[in-house]
1. Note down the nm distance, to one decimal, between modelled labels 7 Å out along Cα→Cβ at A84 and at N43.
2. Taking 0.36 nm per residue of separation and subtracting the Cα-Cα distance, what length does fully extending S149 through A73 add?
3. Taking the Cα atoms of segment 47-115, report the difference between the largest and smallest coordinate on each principal axis, in whole Å and largest first.
4. Can you work out the base-10 log of I(q)/I(0) for segment 72-111 at q = 0.21 1/Å, using the Debye formula on its C-alpha atoms alone?
5. Over its Cα atoms, what ratio of radius of gyration to 2.2 N^0.38 Å does segment 18-159 give?
6. 7 Å from Cα along Cα→Cβ at both D113 and T159: what's the point-to-point distance in nm?
Amino acid sequence: MKTLIGLLALTCLAATLRGQATVSFRNNVPFASPGDRLVYSINGTPLVGTQYVAQLYYGTYGAPAESLVPVAAAPAPFRVATTASPGTWSGGTRTLEGITTPQVATLQVRVWDLSLFSTYQAAVAAGGLRGESVPFRYDPEPLGYPGPSWFMEYFRGFTLVPEPSVIALTGLGALALLAYRASGSTSRGSVRASNQPRQPTPERVLREIGSPELGAAALDRYA
């Protein structure tokens, strides 16, 4: 009988030690290591406003960022403009479903404006203001361990950024066209050498600026 009780106790202990991993999803706790863990607006000031939210994404250790999934809990809002802790969100404990202690996980924090976009992916697709942390390591401990052991110790802060807008891409196209015209006007009135390549047509320049990378290359060649 005593042997059976002992086996049951060991089974319960093993289940406790290998329970679902949890994490303190907060960036305003007393971390053990130094580092900037605030989130900043595009103008460089710590982010405030309850319309902005932070969501925790996770996966197995080493998983690429595009494969990470959000936790089941709702995103955490940032604080009001009058807060004494700008750049931080009102978080809480999050469960990493499918990750068991002491399995190491990869975490990432993603931030966007929930009043404009229902998901982070929607903000990305629309070129909205948003940002994400560098994916970081997390060594989980069962809930009930001392707080610092389940803080996001390797998390580092970041600044929100928008996608290149249509206006910016249009400006790039205008610059490329101006560079072409300037090059053409310079060559007029001079005799073209027989081995000098012909100037590209405006249509060709515009075709090559379909992306920022090709646009930059076009500027380098035709300026």
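Please treat every number below as a calculation from the coordinates, not as lab data. These numbers were taken from a predicted model, which means no experiment stands behind them. Heads up, the Cβs are rebuilt from the backbone with ideal geometry, glycines too, and the neighbour counts pull from every protein chain shown.
1. Here the modelled spin labels are 2.5 nm apart.
2. Fully extending the segment from S149 to A73 adds 25.3 nm.
3. Dimensions of segment 47-115 along the principal axes of its Cα atoms: 39, 22, 17 Å.
4. -0.80
5. Dividing the Cα Rg of segment 18-159 by 2.2 N^0.38 Å gives 1.00.
6. For the pair D113/T159, the computed spacing is 1.8 nm.
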